[in-house]
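See below for the structure under consideration.
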Amino acid sequence: DLWFVTEISVKEAYLVFNKIQTAILILLFIWIIVFILVSVIIYNWYKSLVKKEKTYEDLFNNSPLGIYQTTPNDEIKMVNQTLLDMMGYDSLSDLQTLNLEKEGYSEESSLNHNEFKEIIERDGFVKGIEGSWKTREGEILYVRENARIVRDKNGKTLCYEGIVEDISEKKKAEIELKSQKEFLKTVIDINPNLVFVKDWHGRFTLVNKKMAELFGQSIEEMIGKTELDINPNKKEAENFLKDDREVMTTLQSKIISEELFISERTGEKHWFHTTKVPLILSNGESRQVLGVVTDITKQKQTEETIRQISDRLQLATQTANIGIWDLDVVKNKLVWDEAMYSLYGITSDTFSGVYEAWESGLHPEDKECAEEEFKMALLGGKEYHTEFRVLWPDNSVHYLKAFGLVQRNNKGEPIRMLGT
């Protein structure tokens, strides 16, 4: 074997080693830099992911809508805090004890759990469906629900995901409004007056039974019709529409004190007192008019009967020279008819209209007795049926016979005396 020995410097001997060491240090530095950069990127990514997850969690739990996920086997997999609060439960584990089939929907709900599942399995979703649930305390929770079905690639149902809106306040307001409408309808229908509402075109939008009966129709038949459709008197119908529009335009009520109506169906005459009032909208306009019609036929008939009786009585008293007097005992107001003035020889101009006016006309010798009989009648001691003398302004003496009836209040006190 041959060996060669040579002599080199230390620096030259470590040259290769130093190069390798330098390369390793550079690579190590680069690796450290890359590691730091990757760590920073991963940290920022994780931080962003946590933030997004926290944001999602906040949105999930603080959403104004309830969010849930259930299985076809009625297992509650997930709910947000809003839904827990709606239902009155403290946690998901508490809510998971709920039997959805038996305890989910209330008895009065328009939709039950099985119907919900049938719809979502058939259509793949439900949208805007309304129902009522029972809370933990047994109270009714009215909800509007949107949900979708989640299936695997083979079409097998995995779960139902949905959002729930609490519409209890709105639903209660609707129920209250419906109740008030039914109550108002009942009040209107039992009202002895005729009640109607018309729009700008004269169409009836509301009528009560009395109004419909007047025209021989049902309420349903009347709604949507105009006055011209039910009233053959075209001119009268046009005048009604004119009055209605005047009320809607001026926003002022209008009273028609007396109105004659002859039923086309029966031929009967009816007298009405009508009040028309504008129904004012929130913007200050009026496109409808409310009418309340009072049937004053009996009143008119009574007035006519009284007028006829009064005419006959007046004719009889004038013919027989009988005077009629009326004394308000409480107010000391005495009313005479024309015949009374002639019986006492005076005129209405000189009559003061009080008890003392009669007293002053008595003959001095009969005054005490006449006053005593009058007072006895007021006290109830005897009927007022008497005779006395009166002294006319010309000093002539006249004999009169008087009859009177005393009216009393519920305490038996005299309030009025009417006589001849």
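Averaging sequence separations of C-alpha pairs under 8 Å and six or more residues apart, then dividing by the length of region 147-224, give the relative contact order as a whole percent. Don't jump to the answer; show the numbers that get you there.
On the way: 72 pairs, mean separation 12.8, N = 78.
So the answer I get is 16 percent.
In whole percent, what relative contact order does region 83-155 give with Cα contacts below 8 Å and a gap of six or more residues?
28 percent
Give, in nm to one decimal, the length gained when the segment between residue 326 and residue 33 is fully stretched (0.36 nm per residue of separation minus the Cα-Cα distance).
Full extension from residue 326 to residue 33 adds 93.1 nm.
In whole percent, how big is the carbon plus sulfur part of the accessible area of region 271-420, probe 1.4 Å, protein atoms only?
Whole-percent figure for carbon plus sulfur exposure: 55.
Check the straight Cα-Cα distances from residue 401 and name the lysines below 29 Å, setting aside those fewer than 8 residues away within the same chain.
Straight-line reach from residue 401, under 29 Å: 331, 333, 367, 375, 382.
How many nm separate the modelled label positions at residue 359 and residue 16, each set 7 Å beyond the Cα in the direction of the Cβ?
Roughly 16.0 nm, to one decimal.
Region 324-369: which trypsin sites (Lys or Arg not before Pro) are DSSP loop and have at most 15 other beta-carbon atoms within 10 angstrom?
331
Can you compute the FRET efficiency between residue 369 and residue 299 using 1/(1 + (r/R0)^6), with r the Cβ-Cβ distance and R0 = 45 Å? Round to the nearest 0.05.
Taking R0 as 45 Å, the efficiency between residue 369 and residue 299 is 0.50.
What FRET efficiency comes out for residue 418 versus residue 213 if R0 is 60 angstrom and r is the Cβ-Cβ distance? Round to the nearest 0.05. Before the final figure, lay out the partial values.
Details: r = 41 Å, r/R0 = 0.68.
E(calc), rounded to 0.05, equals 0.90.
What is the distance, in nm, between label points placed 7 Å from the Cα along the Cα-to-Cβ direction at residue 191 and at residue 169?
Placing both labels 7 Å along Cα→Cβ, they lie 3.3 nm apart.
For labels at residue 220 and residue 96 in the simple 7 Å Cα→Cβ model, what's the distance in nm?
5.4 nm
Using 0.36 nm times the number of residues separating residue 121 and residue 140, minus their current alpha carbon distance, what extension gain do you get?
Result: 4.2 nm gained on full extension.
Which whole-number value in Å³ per residue fits the convex hull of the alpha carbons of region 87-200? Each step should come with its number before you reach the end.
Details: hull volume 19.2 nm³, N = 114.
Enclosed volume per residue, from the Cα hull, is 168 Å³.
Return the label of the correct value of percent of Cα pairs over 28 Å apart, as calculated from the structure shown, out of [x] 45; [y] 75; [z] 63.
[y]
Taking the Cβ of residue 102 as the centre, find all other residues whose Cβ is under 12 Å away and add up their charges (Lys, Arg: +1; Asp, Glu: -1). Intermediate results must be reported in sequence, preceding the final value.
Details: positive: 134; negative: 74, 101, 103, 107.
Local charge sum for residue 102: -3.
What does the accessible area of residue 342 come to, in Å² to the nearest 10, when a probe of 1.4 Å is used?
60 Å²
Suppose the chain between residue 201 and residue 312 were pulled fully straight at 0.36 nm per residue; how much longer would it get relative to their current alpha carbon spacing?
Using 0.36 nm per residue and subtracting the Cα-Cα distance, I get 35.0 nm.
The values are calculated or read from the model by the stated rules, or taken from the named source; none is laboratory data. Just so it is clear, the model here is predicted, and its values are computed rather than measured. Here Cβ is always computed from backbone atoms with ideal geometry, including for glycine, and neighbour counts include all displayed protein chains. The protein model used for the area step is the full one, side chains on, heavy atoms only, and it has no ligands, DNA or RNA in it. Shrake-Rupley method; radii C 1.70, N 1.55, O 1.52, S 1.80 Å.
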